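Inspection log for the structure reproduced underneath, given as structure tokens.
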Amino acid sequence: MSHLVNSLERGYRVLGFEDAAGEDDVFQHLVLARIIEPPSKFESLRVPEEAGVAPASYATVERRLPAYAQEEWRQRKCALA
């Protein structure tokens with residue numbers, strides 16, 4: 001599955017998400033997990049691991065999600081369009 005992950009990571013960078021997300025690996029892993037297999041929040045940790053990427057802990061994901069819901073965070077992503 002490394003070819004899939006490599007391709008998705010490249011697309012993530014080309015689209016500018018890496019710059020917009022401040023190189024946040026947790027956000028990147030959540031995005032890639034949703035593309036590969038749209039799972040629940042908890043299952044989003046399993047998908048990267050099966051793809052050969054070390055996932056963040058569930059506690060880390062829980063801590064980061066409120067920041068991703070902030071208007072400023074969403075506006076940085078919208079600026080990519």
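The values are calculated or read from the model by the stated rules, or taken from the named source; none is laboratory data. Source: prediction; values computed, not measured. Glycine gets a Cβ as well: all are built from the backbone with ideal geometry, and neighbour counts include every protein chain shown. Remember, those area values only see protein heavy atoms, side chains included, never the ligands or the DNA or RNA. Shrake-Rupley method; radii C 1.70, N 1.55, O 1.52, S 1.80 Å.
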Only unsatisfied item for Ala59, checking (1) open to solvent by 90 Å² or more (accessible area, probe 1.4 Å); (2) among the small types (Gly, Ala, Ser); (3) modelled with pLDDT of 80 or more, is (1)
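Quickly run through the stretch 1-38 and pick out the residues that are open to solvent by 50 Å² or more (accessible area, probe 1.4 Å) and over 20 Å from Arg64 (Cα atoms). First the steps, then the outcome.
Our first condition is that a residue be open to solvent by 50 Å² or more (accessible area, probe 1.4 Å); within the stretch 1-38, this holds for 1-4, 6-7, 10, 13-15, 17-19, 22-23, 25, 34-38.
Met1, Ser2, His3, Leu4, Asn6, Ser7, Arg10, Arg13, Val14, Leu15, Ile36, Glu37 - these are the residues of the stretch 1-38 that are open to solvent by 50 Å² or more (accessible area, probe 1.4 Å) and over 20 Å from Arg64 (Cα atoms).
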Filtering the stretch 42-62 down to residues that are of a type in the set (Ser, Thr, Tyr) and assigned to a helix (DSSP H, G or I) yields Ser44, Tyr58, Thr60
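When you scan the stretch 63-81, how many residues do you find that are without any contact (Cβ under 8 Å) to a residue 12 or more places away in the chain and assigned to a helix (DSSP H, G or I)? Show your work before the answer.
So the first thing to find is which residues in the stretch 63-81 are without any contact (Cβ under 8 Å) to a residue 12 or more places away in the chain, and the list is 63, 66-67, 69-75, 78, 81.
The next check asks that each one be assigned to a helix (DSSP H, G or I); those that pass are 63, 66-67, 71-75, 78.
Number satisfying all stated conditions: 9.
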